[in-house]
């Protein structure tokens, strides 16, 4: 059995074990992991599936920062937009996400793409390359919101 690790990188040291700080240092026999925003507060939470034990929810109680979440709906592409690539530009620079499904043994991830924005209160641009080859370019989006983008559309729909 291995303990769950929660490393934090810094310029001074490559990785420092900080799991104990957030009550994430576990000794269970973890077999699966899901990462998603369980309580819809903009902070990613973890669900760990343990061998012969109940699953555990590890809620993120860290400080709130700005974020956006984007769910894609394919029309010409597959409905879940698996294979789509999202590029977001905010104050700190570019971030990239790719929509995946079935990525690991006994694990999963949300089809909703989460972007942490730190202190930025808006997104300057969001570019989406759909599996069909179509492209969507969106301008300014407010932070701390969930958006739905439908392939072929020219706007993001706010869901919160």
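The values are calculated or read from the model by the stated rules, or taken from the named source; none is laboratory data. Keep in mind it's a predicted model, so treat the numbers as computed, not measured. Quick reminder, even Gly has a Cβ in these numbers, built from the backbone with ideal geometry, and neighbours come from all protein chains shown.
Screening residue 139 against (1) touching a residue at least 24 places away in the same chain (Cβ under 8 Å); (2) over 13 Å from the mean Cα position of the chain (by Cα) leaves a single unmet condition, (1).
Just the residues that are outside any loop (DSSP other than H, G, I, E, B) and either at pLDDT below 95 or out of contact with any strand residue (DSSP E or B) (no Cβ under 8 Å at 6 or more places or on another chain) (or both), please, taken from the range 70-93.
The one that is outside any loop (DSSP other than H, G, I, E, B) and either at pLDDT below 95 or out of contact with any strand residue (DSSP E or B) (no Cβ under 8 Å at 6 or more places or on another chain) (or both): 93.
Looking across the range 94-144, the residues that are part of a strand (DSSP E or B), surrounded by fewer than 14 Cβ atoms within 10 Å (Cβ to Cβ) and at pLDDT 95 or above come down to 94, 96, 98, 135, 137, 142.
Here's the yes/no breakdown for (1) at pLDDT 70 or above; (2) surrounded by fewer than 12 Cβ atoms within 10 Å (Cβ to Cβ):
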{"position": "20", "(1), (2)": "no, yes"}
{"position": "45", "(1), (2)": "yes, no"}
{"position": "52", "(1), (2)": "yes, yes"}
{"position": "62", "(1), (2)": "yes, yes"}
{"position": "68", "(1), (2)": "yes, no"}
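When the range 25-37 is limited to residues that are surrounded by 17 or more Cβ atoms within 10 Å (Cβ to Cβ) and in a loop (DSSP other than H, G, I, E, B), the one that is modelled with the lowest pLDDT turns out to be 26. The residues of the range 41-69 that are free of Cβ contacts under 8 Å to residues at least 60 places away in the same chain and assigned to a strand (DSSP E or B), listed by number, are 45, 46, 47, 48, 49, 50, 56, 57, 58.
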